[in-house]
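Heads up: the structure comes next, in C-alpha coordinates.
The values are calculated or read from the model by the stated rules, or taken from the named source; none is laboratory data. Here the structure is a predicted model, which is why all the values come from computation and not from measurement. With ideal geometry, Cβ positions are generated from the backbone for all residues, glycine too; neighbour counts draw on all protein chains shown.
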Amino acid sequence: MVRPGAVGTRRARRRSRRATTIALLVVAVLVGAVVVGYFRTPGWLWFVSPSAERYPIRGLDVSHHQGAIDWAAVASEGWQFAWLKATEGGDWTDPRFDENRAGAARAGVRWGAYHFLTFCRDPERQAAHFLSVLGDDVGQLPPAVDVETGGNCSERPRPEELARHLGVFLERVEGALHRRMVIYVVPDQVEELFGPAGLPDRPLWVRSIFAEPTPLARRPWTIWQYHSRARIAGVGVFVDLDVFAGDARAFEAFVDR
(Lines give C-alpha, C1' and ligand atoms only; values in the text may rest on other atoms or scores of the structure.)
Protein backbone atom coordinates (compact mmCIF):
# COMPACT_ATOMS: atom_id res chain seq x y z
CA MET A 1 0.00 0.00 0.00
CA VAL A 2 1.29 3.46 -0.88
CA ARG A 3 1.34 5.78 2.07
CA PRO A 4 -0.64 9.01 1.76
CA GLY A 5 1.60 11.73 0.39
CA ALA A 6 4.33 9.36 -0.85
CA VAL A 7 3.45 9.90 -4.50
CA GLY A 8 3.57 13.67 -4.05
CA THR A 9 6.92 13.40 -2.30
CA ARG A 10 8.42 11.35 -5.14
CA ARG A 11 7.11 13.85 -7.67
CA ALA A 12 8.61 16.70 -5.70
CA ARG A 13 11.96 14.93 -5.61
CA ARG A 14 11.87 14.32 -9.36
CA ARG A 15 11.08 18.00 -9.96
CA SER A 16 13.93 18.99 -7.67
CA ARG A 17 16.37 16.68 -9.47
CA ARG A 18 15.17 17.98 -12.84
CA ALA A 19 15.62 21.58 -11.71
CA THR A 20 19.11 20.79 -10.41
CA THR A 21 20.05 19.11 -13.69
CA ILE A 22 18.81 22.08 -15.70
CA ALA A 23 20.69 24.49 -13.47
CA LEU A 24 23.92 22.50 -13.88
CA LEU A 25 23.46 22.43 -17.65
CA VAL A 26 22.95 26.20 -17.72
CA VAL A 27 26.10 26.71 -15.65
CA ALA A 28 28.06 24.35 -17.93
CA VAL A 29 26.87 26.24 -21.02
CA LEU A 30 27.80 29.58 -19.49
CA VAL A 31 31.25 28.35 -18.43
CA GLY A 32 31.75 26.90 -21.89
CA ALA A 33 30.76 30.18 -23.49
CA VAL A 34 33.21 32.06 -21.28
CA VAL A 35 36.06 29.69 -22.14
CA VAL A 36 35.29 29.71 -25.86
CA GLY A 37 34.89 33.48 -25.82
CA TYR A 38 38.19 33.95 -24.03
CA PHE A 39 40.12 31.88 -26.55
CA ARG A 40 38.15 32.71 -29.71
CA THR A 41 37.36 36.40 -29.16
CA PRO A 42 40.41 38.14 -27.72
CA GLY A 43 39.93 41.15 -25.54
CA TRP A 44 36.30 40.92 -24.42
CA LEU A 45 36.89 39.04 -21.18
CA TRP A 46 39.11 40.36 -18.40
CA PHE A 47 39.41 38.18 -15.33
CA VAL A 48 41.35 40.86 -13.50
CA SER A 49 42.08 44.52 -14.19
CA PRO A 50 44.87 46.03 -12.07
CA SER A 51 44.16 49.43 -10.57
CA ALA A 52 45.81 52.19 -12.59
CA GLU A 53 46.25 54.17 -9.38
CA ARG A 54 48.09 51.34 -7.69
CA TYR A 55 49.96 50.19 -10.80
CA PRO A 56 50.49 53.24 -13.01
CA ILE A 57 53.38 51.79 -15.05
CA ARG A 58 51.91 49.58 -17.76
CA GLY A 59 53.33 47.65 -20.64
CA LEU A 60 53.09 44.65 -22.93
CA ASP A 61 55.17 41.78 -24.25
CA VAL A 62 55.18 40.75 -27.89
CA SER A 63 56.66 38.43 -30.45
CA HIS A 64 56.18 37.81 -34.17
CA HIS A 65 52.74 36.42 -33.34
CA GLN A 66 51.47 40.00 -32.97
CA GLY A 67 52.44 40.84 -36.55
CA ALA A 68 53.31 44.39 -37.54
CA ILE A 69 52.80 46.76 -34.60
CA ASP A 70 51.99 50.47 -34.78
CA TRP A 71 54.22 51.50 -31.89
CA ALA A 72 53.15 55.15 -32.06
CA ALA A 73 49.56 54.05 -31.41
CA VAL A 74 50.75 51.82 -28.56
CA ALA A 75 52.56 54.75 -26.96
CA SER A 76 49.61 57.10 -27.46
CA GLU A 77 47.44 54.77 -25.36
CA GLY A 78 49.87 55.11 -22.48
CA TRP A 79 51.74 51.83 -22.66
CA GLN A 80 55.16 52.67 -21.31
CA PHE A 81 57.28 49.56 -21.67
CA ALA A 82 57.55 46.37 -23.71
CA TRP A 83 59.49 43.15 -23.64
CA LEU A 84 60.20 41.85 -27.12
CA LYS A 85 60.93 38.24 -27.89
CA ALA A 86 64.39 38.01 -29.40
CA THR A 87 65.41 34.37 -29.41
CA GLU A 88 64.50 30.81 -28.49
CA GLY A 89 66.80 27.86 -28.00
CA GLY A 90 70.21 27.91 -29.60
CA ASP A 91 69.45 29.17 -33.09
CA TRP A 92 65.94 30.60 -33.50
CA THR A 93 65.51 34.36 -33.85
CA ASP A 94 62.14 36.09 -33.74
CA PRO A 95 61.67 37.47 -37.29
CA ARG A 96 60.13 40.73 -36.00
CA PHE A 97 62.60 41.47 -33.21
CA ASP A 98 64.64 44.08 -35.09
CA GLU A 99 61.47 45.69 -36.43
CA ASN A 100 59.92 45.80 -32.97
CA ARG A 101 62.91 47.26 -31.16
CA ALA A 102 63.31 49.96 -33.79
CA GLY A 103 59.59 50.81 -33.67
CA ALA A 104 59.42 50.85 -29.87
CA ALA A 105 62.48 53.09 -29.68
CA ARG A 106 61.04 55.58 -32.19
CA ALA A 107 57.79 55.75 -30.22
CA GLY A 108 59.54 56.28 -26.90
CA VAL A 109 58.41 52.94 -25.44
CA ARG A 110 61.05 51.54 -23.08
CA TRP A 111 61.92 48.07 -24.30
CA GLY A 112 63.89 45.02 -23.34
CA ALA A 113 64.59 41.68 -24.99
CA TYR A 114 63.67 38.23 -23.75
CA HIS A 115 64.86 34.72 -24.52
CA PHE A 116 62.76 31.55 -24.28
CA LEU A 117 64.96 29.03 -22.47
CA THR A 118 64.79 25.60 -24.07
CA PHE A 119 65.43 22.79 -21.61
CA CYS A 120 67.01 20.41 -24.14
CA ARG A 121 69.54 22.80 -25.70
CA ASP A 122 72.97 23.72 -24.43
CA PRO A 123 72.69 26.86 -22.23
CA GLU A 124 76.04 28.24 -23.39
CA ARG A 125 74.88 28.08 -26.97
CA GLN A 126 71.55 29.69 -26.06
CA ALA A 127 73.29 32.53 -24.25
CA ALA A 128 75.69 33.10 -27.14
CA HIS A 129 72.81 33.21 -29.60
CA PHE A 130 70.81 35.67 -27.46
CA LEU A 131 73.81 37.97 -27.11
CA SER A 132 74.65 37.84 -30.80
CA VAL A 133 71.09 38.83 -31.78
CA LEU A 134 71.04 41.68 -29.25
CA GLY A 135 74.35 43.11 -30.41
CA ASP A 136 75.02 46.59 -29.04
CA ASP A 137 71.35 47.64 -28.91
CA VAL A 138 70.17 45.95 -25.72
CA GLY A 139 67.27 48.24 -24.80
CA GLN A 140 66.44 50.08 -21.60
CA LEU A 141 64.76 47.29 -19.63
CA PRO A 142 66.80 44.49 -18.13
CA PRO A 143 66.94 41.44 -20.39
CA ALA A 144 64.56 38.64 -19.43
CA VAL A 145 64.51 34.87 -19.69
CA ASP A 146 61.26 32.92 -20.03
CA VAL A 147 61.41 29.69 -17.98
CA GLU A 148 58.24 27.63 -18.43
CA THR A 149 57.02 24.24 -19.58
CA GLY A 150 54.54 25.45 -22.23
CA GLY A 151 56.01 24.98 -25.69
CA ASN A 152 59.19 23.50 -24.25
CA CYS A 153 60.87 20.12 -24.61
CA SER A 154 58.70 17.18 -23.62
CA GLU A 155 61.34 15.83 -21.25
CA ARG A 156 61.41 17.93 -18.08
CA PRO A 157 64.75 18.42 -16.31
CA ARG A 158 65.11 17.65 -12.63
CA PRO A 159 65.23 20.83 -10.51
CA GLU A 160 68.96 20.49 -9.92
CA GLU A 161 69.56 20.09 -13.65
CA LEU A 162 67.47 23.15 -14.45
CA ALA A 163 69.28 25.15 -11.76
CA ARG A 164 72.60 24.34 -13.41
CA HIS A 165 71.20 24.97 -16.90
CA LEU A 166 69.69 28.33 -16.00
CA GLY A 167 72.72 29.28 -13.92
CA VAL A 168 75.03 28.87 -16.90
CA PHE A 169 72.74 30.96 -19.07
CA LEU A 170 72.42 33.75 -16.49
CA GLU A 171 76.14 33.86 -15.79
CA ARG A 172 76.99 34.12 -19.46
CA VAL A 173 74.44 36.81 -20.34
CA GLU A 174 74.79 38.86 -17.16
CA GLY A 175 78.57 38.74 -17.42
CA ALA A 176 78.42 40.14 -20.94
CA LEU A 177 75.75 42.80 -20.33
CA HIS A 178 76.58 43.67 -16.72
CA ARG A 179 72.91 43.61 -15.80
CA ARG A 180 70.85 41.18 -13.73
CA MET A 181 68.21 39.43 -15.75
CA VAL A 182 64.49 39.19 -15.06
CA ILE A 183 63.01 35.67 -14.82
CA TYR A 184 59.54 34.99 -16.23
CA VAL A 185 57.69 32.17 -14.46
CA VAL A 186 54.25 30.60 -14.18
CA PRO A 187 53.51 30.15 -10.44
CA ASP A 188 51.95 26.68 -10.83
CA GLN A 189 55.18 25.43 -12.43
CA VAL A 190 57.67 26.81 -9.92
CA GLU A 191 57.71 23.81 -7.58
CA GLU A 192 58.01 21.32 -10.45
CA LEU A 193 60.82 23.23 -12.15
CA PHE A 194 62.81 24.69 -9.27
CA GLY A 195 62.13 22.30 -6.39
CA PRO A 196 63.15 22.94 -2.77
CA ALA A 197 66.03 25.23 -3.78
CA GLY A 198 63.51 27.71 -5.16
CA LEU A 199 63.90 30.52 -7.62
CA PRO A 200 67.19 32.29 -8.32
CA ASP A 201 67.59 35.68 -6.67
CA ARG A 202 66.44 37.77 -9.60
CA PRO A 203 63.49 40.11 -10.29
CA LEU A 204 60.41 38.04 -11.07
CA TRP A 205 58.01 38.47 -13.95
CA VAL A 206 54.94 36.45 -13.02
CA ARG A 207 52.02 35.28 -15.15
CA SER A 208 48.70 35.41 -13.29
CA ILE A 209 45.60 35.82 -15.44
CA PHE A 210 42.86 35.13 -12.88
CA ALA A 211 44.05 37.04 -9.79
CA GLU A 212 46.78 39.31 -8.51
CA PRO A 213 49.84 37.14 -7.84
CA THR A 214 51.06 36.57 -4.32
CA PRO A 215 54.76 36.45 -3.43
CA LEU A 216 56.51 33.25 -4.56
CA ALA A 217 58.37 31.67 -1.65
CA ARG A 218 58.11 35.05 0.10
CA ARG A 219 59.70 36.72 -2.93
CA PRO A 220 57.76 39.73 -4.25
CA TRP A 221 57.10 40.01 -7.95
CA THR A 222 58.38 42.91 -10.06
CA ILE A 223 56.32 42.47 -13.24
CA TRP A 224 52.82 40.99 -13.39
CA GLN A 225 51.50 39.64 -16.69
CA TYR A 226 47.76 39.95 -16.07
CA HIS A 227 46.23 39.41 -19.52
CA SER A 228 47.21 37.17 -22.41
CA ARG A 229 44.51 37.92 -24.98
CA ALA A 230 43.90 41.64 -24.79
CA ARG A 231 43.08 44.07 -27.58
CA ILE A 232 44.84 47.44 -27.67
CA ALA A 233 45.40 50.16 -30.24
CA GLY A 234 48.33 49.51 -32.56
CA VAL A 235 48.23 45.71 -32.27
CA GLY A 236 45.98 43.88 -34.71
CA VAL A 237 45.65 40.65 -32.72
CA PHE A 238 45.62 39.63 -29.07
CA VAL A 239 48.54 40.68 -26.88
CA ASP A 240 49.92 40.12 -23.38
CA LEU A 241 49.64 43.00 -20.90
CA ASP A 242 51.80 43.70 -17.86
CA VAL A 243 52.18 46.08 -14.94
CA PHE A 244 55.21 47.10 -12.90
CA ALA A 245 55.09 46.78 -9.11
CA GLY A 246 55.85 50.37 -8.23
CA ASP A 247 55.59 54.03 -9.14
CA ALA A 248 57.47 56.08 -11.72
CA ARG A 249 60.47 56.63 -9.46
CA ALA A 250 60.79 52.90 -8.74
CA PHE A 251 60.46 52.15 -12.44
CA GLU A 252 63.28 54.55 -13.32
CA ALA A 253 65.49 52.85 -10.76
CA PHE A 254 64.57 49.46 -12.23
CA VAL A 255 65.35 50.61 -15.76
CA ASP A 256 68.67 52.21 -14.82
CA ARG A 257 70.00 49.57 -12.45
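For residue 243, are the conditions met, namely being closer than 15 Å to residue 148 by Cβ and part of a strand (DSSP E or B)?
Taking the combined requirement at face value, the residue does not satisfy it.
Could we say that residue 233 is part of a helix (DSSP H, G or I) and at pLDDT 95 or above here?
no
Identify all residues within region 160-186 that are touching a Pro at 6+ places or on another chain (Cβ under 7 Å) and of a type in the set (Phe, Trp, Tyr); write none if there are none.
Matches in region 160-186: 169 only.
Determine which member of the set 164, 202 is in a loop (DSSP other than H, G, I, E, B) and either on the phi < 0 side of the Ramachandran plot or of a type in the set (Val, Ile, Thr) (or both).
202
Which of (1) touching a residue at least 24 places away in the same chain (Cβ under 8 Å); (2) surrounded by 17 or more Cβ atoms within 10 Å (Cβ to Cβ); (3) more than 13 Å from the chain's Cα centre (by Cα) is the odd one out, the single condition residue 153 does not satisfy?
It is condition (2) that residue 153 fails.
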